[in-house]
Amino acid sequence: METKEEPEQLTTSERSKEEPTCRSVFVYRLIRQIFFVLTWFSLGLYSELSGPSLPVLKARVDSSWEEISRALIGRSVGFFTGSLAGGVICDRFHKHVDLVLMLVLLLASVSTAAIPWCPLMELLAFVFFLQGFAEGIINAGGNTAIFKLWGERSASPMHSLHFGYGVGAILAPQLIRPFLIPITRNVTSGYLETYGNLSNQSDIGDREIEGDSSIPSADSPIEVAHFIGAGIALVMALTFLFFYLRPPPAGFKLKNPVKNAYRSLCSPASCGQGSAVYGLTMLILLFVFFMDVAGGERVWGKFVFSFATQGTLRFTIDDGTFLNSLYWAFFTAGRGLGSVVAHWVPVRYMIVAEIAVINVTGIVLSSAGYRISEVLWACNCVLGLFHAPLFPGGMAWANLYLEMTSVATAVLLIGSATGGFVYQWITGALFDVYGPDSLVYVVLAFAVLLAVKFLVMNLVARIKGTRFGNQDSASEEGTS
């Protein structure tokens with residue numbers, strides 16, 4: 001009788017000890033999730049300052065649109081390199097990811113503050129490279145950390161992570177707007193730039209001048225906005241130093257910890273459910289798919305201000321920055337809604353609906369969006385709302401079919417970086433040859449490519465099926 005009661009007493013005491021442990025572990029996971037979201041907020045804030053400030057940077061380095069787009073490509077090349085390096089580093093030193101994130105956030109802070117001070121295009125491209133390199137490592141380490149925090153239940157945390165980026169991106173155009181000083185036009189002798197309300201009266205005499213409120217001056221003090229963005233990144237760097245120095249609570253374990261980073265790097269079978277051919281094929285398809293997901297997102301976010309202010313519609317600076325912020329507002333709303341909808345709707349169906357709407361938007365934009373302002377305002381909002389969930393949704397979809405190690409995540413991020421510099425370079429070249437209105441045809445092109453590639457991905461994914469069971473189950477796929 002005594003031997004039967006003893007195990008029951010032990011079980012009861014163990015349960016009483018496990019309850020506070022489980023609570024503390026959940027609270028720890030939640031706090032880490034919140035700070036990851038805040039990190040993505042800072043990422044969105046400082047990264048998207050370059051969109052409205054692009055005409056200013058272009059004027060300061062005295063370049064064409066194609067040349068300044070090449071400077072932006074430096075950021076995408078850095079993102080490419082950082083994603084690859086981050087995948088290996090964060091798998092190999094998975095116990096020191098917080099320290100790695102702290103160091104690269106410091107690099108992001110310094111490079112963001114330095115951008116407005118670059119007098120040469122080559123130097124500007126190098127600083128953009130450093131900023132992109134830091135972002136690549138942040139994405140490789142951060143996205144994988146979310147998978148390891150929540151395991152198969154990562155869809156909503158993943159959407160909320162990228163929701164933070166959208167919030168920062170909303171504020172970026174409004175943060176820099178007060179520092180964009182418009183050029184004034186001298187009616188008889190061309191352009192005369194002014195700083196604030198100051199002008200050289202001896203140069204203009206009694207001649208009438210009129211404001212050209214669609215073109216910002218090269219003297220616009222954009223340094224202030226960049227310093228603010230750099231300061232927020234610095235604060236986030238210090239939070240990861242705190243996480244690194246303070247150990248997690250007892251009972252905390254990562255989901256699916258990586259055992260061999262080099263095996264993950266060299267053998268696609270380690271993430272392809274035991275099949276090297278399947279794993280390699282899926283990684284290639286995801287690589288080219290994320291080229292269009294991120295390339296389309298970045299090209300619209302970076303060039304929509306210049307398209308609106310210097311294209312046929314000739315928006316003012318205020319209207320252009322508001323258009324840019326409105327895009328990111330709906331983009332953020334899309335990330336937030338995606339986080340909620342992913343609880344009940346399989347992510348595959350979400351992506352199909354999003355791509356369908358983006359294709360319709362591309363058709364409308366290319367037919368009327370460049371000449372009718374109301375159409376542009378509407379399409380800008382729809383594009384932000386439905387493009388936003390594609391990146392985290394694509395990550396969650398990939399996690400259904402592949403073991404998403406840091407290296408596997410890096411492959412997707414490298415695809416994103418490749419799409420970023422390809423689309424930005426092509427768009428800059430098109431701006432020079434055909435003018436800013438050509439942006440609408442870039443949108444139509446990536447929309448069609450998204451549809452074709454996602455169809456092929458689903459056909460290949462059926463070979464193995466999901467790693468978590470029935471792929472049509474909202475409870476399983478929605479938590480992927």
- Note on the structure: Scalar couplings 3J(HN,Hα) for region 433-446 by Karplus 6.51 cos²θ - 1.76 cosθ + 1.60 (θ = phi - 60°), nearest whole Hz, x for Gly and Pro, are 7, 10, x, x, 5, 5, 4, 5, 7, 5, 4, 4, 5, 6
- Diffing region 220-227: the Karplus 3J(HN,Hα) column from phi (6.51, -1.76, 1.60, θ = phi - 60°), in whole Hz with x for Gly and Pro, holds 4, x, 6, 4, 4, 4, 5, 5
- Message: Test of understanding: ordering 236, 121 by Cβ neighbours within 10 Å, fewest first, what list do you get?
- Response: 121, 236
- Task: Lys and Arg at +1, Asp and Glu at -1: add these up for the other residues within a Cβ distance under 14 Å of residue 368 and post the number.
- Result: -1
- Task: Enter the Cα centre distance for the pair region 324-373 and region 71-146, rounded to the nearest angstrom.
- Result: 28 Å
- Item | Order of 58, 453 under a 10 Å beta carbon neighbour criterion, fewest first | 453, 58
- Given charges at beta-carbon only (K, R positive; D, E negative), |dipole| of region 347-467 in Debye: 500 debye
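Under a Cβ-Cβ cut-off of 13 Å, what is the net charge of the residues other than residue 63 that fall near it, where Lys and Arg count +1 and Asp and Glu count -1?
Summing Lys/Arg as +1 and Asp/Glu as -1 gives -2.
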- Item | Charge context of residue 116, other residues only, Cβ under 9 angstrom, K/R +1, D/E -1 | 0
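How would 344, 425, 65, 117 line up from fewest to most surrounding beta-carbon atoms within 10 angstrom? Intermediate results must be reported in sequence, preceding the final value.
Values: 344 9, 425 17, 65 22, 117 12.
The fewest-first ordering by Cβ neighbours comes to 344, 117, 425, 65.
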- Message: At 0.36 nm per residue, and after removing the present C-alpha to C-alpha distance, how many nm does the segment from residue 117 to residue 375 gain when stretched out fully?
- Response: 89.2 nm
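Bear in mind these aren't lab numbers, they're just calculated from the coordinates by the rules spelled out. Note that the coordinates shown come from a computational prediction; the quantities given were computed from them, not determined experimentally. For neighbour counting, all protein chains shown are included, and Cβ atoms are generated from backbone atoms with ideal geometry for every residue, glycine included.
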